[in-house]
């Protein structure tokens with residue numbers, strides 16, 4: 001007979017809260033960076049129109065650096081939470097995940113596959129963590145996915161692609177028109193980031209709550 005394992009430790013809850021807070025902070029930093037693009041564009045436009053006020057273009061660099069560091073911290077804590085959630089999910093279900101546990105980290109840094117592996121990893125963790133599915137489902141692919149995860153991943157990929165577009169436009173010494181274009185692009189990117197942030201925080205909450213209320217079974221020991 002399978003033996004019961006202890007309830008999930010507080011660590012996933014702590015990591016979820018920390019990751020959510022950092023994701024919110026990262027989103028606010030992205031909003032500040034977007035505002036800085038508009039600030040620099042308007043300052044340069046006014047300067048070219050004859051304004052005698054000085055243009056502080058270093059503000060954009062400071063905002064960009066701050067946003068990058070906050071985003072890096074959010075990414076590290078989120079992946080840590082994802083790793084713990086995957087470990088708990090493997091206690092809740094004997095079903096095989098599509099990708100090995102090493103891909104919980106590798107999926108984010110390996111080129112090309114990072115466009116779809118992370119979504120599948122999060123989706124499998126959610127499926128294996130849902131009490132309604134039971135611990136003995138053998139094929140996670142047969143279980144329904146989550147629209148929240150699909151929308152999160154769509155906004156997340158869109159945000160990153162649009163952000164890269166803004167960097168490309170800003171390459172070299174930008175003109176006033178280029179600064180305006182970057183400000184518009186970065187605003188769209190920021191909107192996608194806000195949507196992605198809200199959705200992944202919701203997904204994290206669903207997974208962590210399900211795992212906290214569903215007593216893990218060490219079913220592997222019984223097979």
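The values are calculated or read from the model by the stated rules, or taken from the named source; none is laboratory data. These numbers come from a predicted model, not from an experiment. Cβ coordinates were reconstructed from backbone atoms using ideal geometry, including for glycine residues, and neighbour counts include every protein chain displayed.
Out of the residues in the stretch 140-162 that are out of contact with any helix residue (DSSP H, G or I) (no Cβ under 7 Å at 6 or more places or on another chain) and at pLDDT 85 or above, state the one that is surrounded by the fewest Cβ atoms within 10 Å (Cβ to Cβ).
For the stretch 140-162, the residue satisfying everything is 147.
Evaluate the stretch 163-171: report whether one residue or more is more than 20 Å from residue 212 (Cβ to Cβ) and either outside any helix (DSSP H, G or I) or modelled with pLDDT of 90 or more (or both).
Looking through the stretch 163-171, at least one residue is more than 20 Å from residue 212 (Cβ to Cβ) and either outside any helix (DSSP H, G or I) or modelled with pLDDT of 90 or more (or both).
Scan the stretch 78-104 for residues that are surrounded by fewer than 20 Cβ atoms within 10 Å (Cβ to Cβ) and under 13 Å from the mean Cα position of the chain (by Cα) and report the count.
Here the count works out to 2.
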